[in-house]
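So the structure is just underneath, and the comments pick up after that.
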Amino acid sequence: MSKNVRYAQLATLLLAGALLAPPSFAQTKQKKKKKAKQEATATQAAPGAGQKREETGPKPYASVITPNAVTDDGLFKVHRIDEKYFYEIPDTLLNRDMLMVSRIAKTATNIGYGGEELNRQMLRWEKKGNRILLRLISYQNVANDTLEVYNSVQNSNLAPVIQAFDIKAFNNGTSVVEVTDFFSKDVPALGLDKENRDKYKVKRLDDKRSFIENVKSFPMNIEARSLMTYEASEPPANSSAGTISLEINHSMLLLPKVPMAARKFDQRVGFFTLSQTDYGTDEQRAAKRRYIVRWRLEPKDKEAYARGELVEPVKPIVYYIDPATPMKWRPYLKQGVEDWNKAFEAAGFKNAIIAKDPPSQQEDPEFSTEDARYSVIRYFSSETQNAYGPNVHDPRSGEILESHIGWYHNVMNLLRNWYFVQTAAINPDARSVQFKDEVMGELIRFVSSHEVGHTLGLPHNMGSSAAYPVEKLRDAKFTKEMGTAPSIMDYARFNYVAQPEDNGVALMPGIGIYDKYSVKWGYSYFPETNGRDNTEKLAKWVREKENDPMYRFGRQQGNPIDPSSQTEDLGDDAMLASTYGIKNLKRIMPKLIEWTAEDNKNYDDLQEMYGQVLGQWNRYMGHVTANIGGVYENYKTYDQKGDVYAAVPKEKQKRAVKFLNEQGFATPTWMLDENILRKIEHNGSVERVRNAQVNILNNVLEPGRMARLLDAQAALGSSTYTLPEMMAELRNGIWSEVSSGKSIDMYRRNLQRGYLERMAYLMEDQEKSTTAARGGRSSAPSVNVAQSDIRPMVRGELTTLRGQIRSSLAKTSDTMTKYHLQDALVRIDNILNPKS
């Protein structure tokens, strides 16, 4: 194309544009009309006359909340228009702290149960221009807002925005936002948790199959329920569908404008806590603060309360029973709740805690077990053998706001097994696999009380049961008055110590003396002073009971360091208590077939209860083992005499090793009842015993335990039980046939090979040989086995054993014993002189 042709075409286009364009004064007129229209719309919709904004901003209220809207008034007005939901948020509730609790309402098989909590988070609604921001708030780092450092804390803890909403309209001090997508789209803070997403390989939320079921507004909370459908590669049920559907309920609860006075935690009294770092103190560091979690109980009549009279609280603690709960168990669950009133009386309150049946549809058509206003004992149709007692508390102060106790239907099977194996030797009511309703009801009441205790802020007190001398647990008068432990928050279970001749002895714990003491300490009302409680008086109460073991708190431990703070144990001496317990197991074993028998039924119950007997025996072994290298832990403050940590006395540790040699490592022939075994299995008893005994042995020869023995030896010398003493006594017990010349049976041969494998493990350089040797503090150093005295001790023991075996071989006539000892020598040589 020539240059002249291109110029001609360009001229034609310019001419056409000139002919089509309106005159300049016409363009100006149209712009003015458009601007006027925008200003008029803005003035009509905005809260203040003359405020200008874009056409995409807020619209007139009447054009957003139309006459066909269904409105529910409450904390916020909630409007439903067709399938869309709107919140009308008052300006007075902007920047107020709120708590969002997300729970499963209905669920697919194998993804929890209705009522279980998914998430909780603290929220705040803020206005920014024509948008509402929903922020996630934390009170982990704090400072008084009157101090200079407050600004630094705020600048270092910017609250993340989890959602931004366009304001659709204003209305007399309120802002309208649409929340449809918030509750039906994939908002990570509200949906299925990451653990389950990873477990079931969730790909995405299918928002075409996800929608809001309903949103209800109440005076202090809003309840929003959504059906959420996720695409998943490995769903836990109905795998052909490739999806997971569940209903999730979100309770948004307005927190008090002025938080409850926080009560400082004292580690000498057990309470669940929240932690904060306070930058606003006079301490020359960032101060770590812990506050207990507890309900807000204030007396109706403060003057009468001050005079020492029992007074009802302004607002009692109320628990509702889940409508799904079988009628026959409801009275026992309710009794378990109200049993705590005797503890609250110690704090000066009467009728402080109440249990109620759920209201009928006529009484309260809007009652919901997911509603954050109600505390509920939820009943789950599940094979899980458990119950649990959580609480939802204000993260600013520790005030408990509500709780949903989880009660699994099959906890009854657990209770039956415990009661059977621990008391059937002396208790006719436990000698069957189907208890009378009254018996099971009392067991339910016991567990109900325990779980309610958790919801009051009380953790497990595993040190409680050690307060009672073992022989007192055989005393009918003592146990009827005191129960089997000073606290129902211990895992004291049932009285396995009592013997058949101990007529009238109590078999289970109740609300005990420690429970009353801890509730008094945590719930006694003091007039508020500067936002804090009377710490001096609370500390004085602790000092008054400091030398009485019944008022001691013993924290829960994993692998217990402190033998006086264990699960499932009773009394102050594990060796004596376990001796009584094993006597009862030996009484139960010959009766197992008779007590589980039922015509036209197979032997499943016999097999289960046989396993329960062996499991109980194994618990006794664990209780005893904890004494070896054990360290007592008794929390103290500077104004108290004595040490916090003290080694278990030498005599007690020696008795523990002696007990294990006699009761744990000797072949347990009483367990090997062929009349039972041939009805429940074709083989397996040899391997079962080997596994149980080797586990006990490995627990004794655990590097952390061995290191504690070395620590005690370094500090106390021969006045304590030393590692060389323990190793020698263990070797002499497990290899006793070597010195006596007796034949070694199959069970003992297996145990002895397990011993050699454990010694080989301790001689090897591997990461798992380095284990923590904690004595109660997480900062305690780990054990470097290769650089400690552990490895020379192992080498010395193996060398001694090798010499004993060589001397014994000439005296051995039994063929299998001889082969076993010859094999043991080869194994020892391989350990001491490993081939590259």
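The values are calculated or read from the model by the stated rules, or taken from the named source; none is laboratory data. These numbers were taken from a predicted model, which means no experiment stands behind them. A quick note on method: Cβ atoms are made from the backbone with ideal geometry, for glycine too, and the neighbour counts reach across all protein chains shown.
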Residue that is surrounded by the most Cβ atoms within 10 Å (Cβ to Cβ) [pool: residues in the range 471-524 that are more than 23 Å from residue 448 (Cβ to Cβ) and of a type in the set (Gly, Ala, Ser)]: 498
Pairs, first surrounded by 14 or more Cβ atoms within 10 Å (Cβ to Cβ) in the range 681-695, second outside any loop (DSSP other than H, G, I, E, B), C-beta under 6 Å, six or more apart: 685/677; 689/747; 690/750; 692/618; 693/751; 694/754
Output for the range 159-194, where each listed residue is crowded, with 18+ Cβ neighbours inside 10 Å and assigned to a loop (DSSP other than H, G, I, E, B): 171, 179, 190, 191, 192
Of all residues in the range 336-351 being assigned to a loop (DSSP other than H, G, I, E, B) and not small (Gly, Ala, Ser), the one that is surrounded by the most Cβ atoms within 10 Å (Cβ to Cβ): 340
Selection count, the range 807-826, where residues are within 25 Å of residue 793 (Cβ to Cβ), at pLDDT 95 or above and either crowded, with 19+ Cβ neighbours inside 10 Å or of a type in the set (Phe, Trp, Tyr) (or both): 3
Breaking point among (1) over 28 Å from residue 306 (Cβ atoms); (2) outside any helix (DSSP H, G or I); (3) modelled with pLDDT of 95 or more, for residue 451: (2)
Selection count where residues are out of contact with any Leu (no Cβ under 8 Å at 6 or more places or on another chain), among the aliphatic types (A, V, I, L, M) and over 25 Å from residue 74 (Cβ atoms), scope the range 355-401: 1
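Residues are listed down the side, and each one gets a yes or a no for (1) of a type in the set (Gly, Ala, Ser); (2) surrounded by 22 or more Cβ atoms within 10 Å (Cβ to Cβ); (3) in contact with a helix residue (DSSP H, G or I) (Cβ under 7 Å, 6 or more places away or on another chain); (4) in contact (Cβ under 8 Å) with a residue 12 or more places away in the chain:
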| site | (1), (2), (3), (4) |
| --- | --- |
| 371 | no, no, no, yes |
| 377 | no, yes, yes, yes |
| 384 | no, no, no, yes |
| 389 | yes, no, yes, yes |
| 402 | no, yes, no, yes |
| 412 | no, no, yes, yes |
| 429 | no, no, yes, no |
| 435 | no, no, yes, yes |
Test: residue in the range 512-535 that is closer than 23 Å to residue 388 by Cα, in a loop (DSSP other than H, G, I, E, B) and in contact (Cβ under 8 Å) with a residue 24 or more places away in the chain: yes
Selected residue (only one of 432, 397, 382 is in a loop (DSSP other than H, G, I, E, B), closer than 16 Å to residue 326 by Cα and among the polar types (S, T, N, Q)): 382
Which numbered condition residue 359 fails, given (1) farther than 27 Å from residue 275 by Cβ; (2) out of contact with any strand residue (DSSP E or B) (no Cβ under 6 Å at 6 or more places or on another chain); (3) buried (at least 20 other Cβ atoms within 10 Å of the Cβ): (3)
Among (1) farther than 18 Å from residue 270 by Cα; (2) buried (at least 20 other Cβ atoms within 10 Å of the Cβ), the one test that residue 562 misses: (1)
Filter result for residue 318 (touching a residue at least 24 places away in the same chain (Cβ under 8 Å), under 21 Å from the mean Cα position of the chain (by Cα) and within 30 Å of residue 139 (Cβ to Cβ)): no
All positions within the range 298-315 that are under 24 Å from residue 455 (Cα atoms) and either free of Cβ contacts under 8 Å to residues at least 24 places away in the same chain or aromatic (Phe, Trp, Tyr) (or both): 300, 314, 315
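Quick grid of which residues meet (1) over 14 Å from residue 701 (Cβ atoms); (2) touching a Ser or Thr at 6+ places or on another chain (Cβ under 9 Å); (3) assigned to a helix (DSSP H, G or I):
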| site | (1), (2), (3) |
| --- | --- |
| 786 | yes, yes, yes |
| 791 | no, no, yes |
| 794 | no, no, yes |
| 800 | yes, no, yes |
| 804 | yes, yes, yes |
| 807 | yes, yes, yes |
| 812 | yes, yes, no |
| 817 | yes, yes, yes |
Subset tally (residues that are aliphatic (A, V, I, L, M) and either outside any helix (DSSP H, G or I) or on the phi > 0 side of the Ramachandran plot (or both)) for the range 400-416: 3
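Checking the condition of a type in the set (Val, Ile, Thr) and surrounded by fewer than 19 Cβ atoms within 10 Å (Cβ to Cβ), which residue from 628, 593, 588 passes?
The conditions single out 593.
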When residues of the range 600-625 are limited to those that are over 27 Å from the mean Cα position of the chain (by Cα) and without any contact (Cβ under 8 Å) to a residue 24 or more places away in the chain, the one surrounded by the fewest Cβ atoms within 10 Å (Cβ to Cβ): 600
Any chance residue 354 is modelled with pLDDT of 90 or more, surrounded by fewer than 20 Cβ atoms within 10 Å (Cβ to Cβ) and not in a loop (DSSP other than H, G, I, E, B): yes
Checking residue 448 against (1) touching a strand residue (DSSP E or B) at 6+ places or on another chain (Cβ under 9 Å); (2) small (Gly, Ala, Ser); (3) under 16 Å from residue 577 (Cβ atoms), the condition it does not meet: (3)
Filtered residues of the range 230-243 (kept if surrounded by 19 or more Cβ atoms within 10 Å (Cβ to Cβ) and at pLDDT 85 or above): 230, 232
Exclusive hit being at pLDDT 80 or above and either assigned to a helix (DSSP H, G or I) or in contact with a Lys or Arg (Cβ under 7 Å, 6 or more places away or on another chain) (or both), set 80, 135, 120, 103: 135
Test for residue 408: is it surrounded by fewer than 21 Cβ atoms within 10 Å (Cβ to Cβ) and out of contact with any Cys (no Cβ under 7 Å at 6 or more places or on another chain): yes
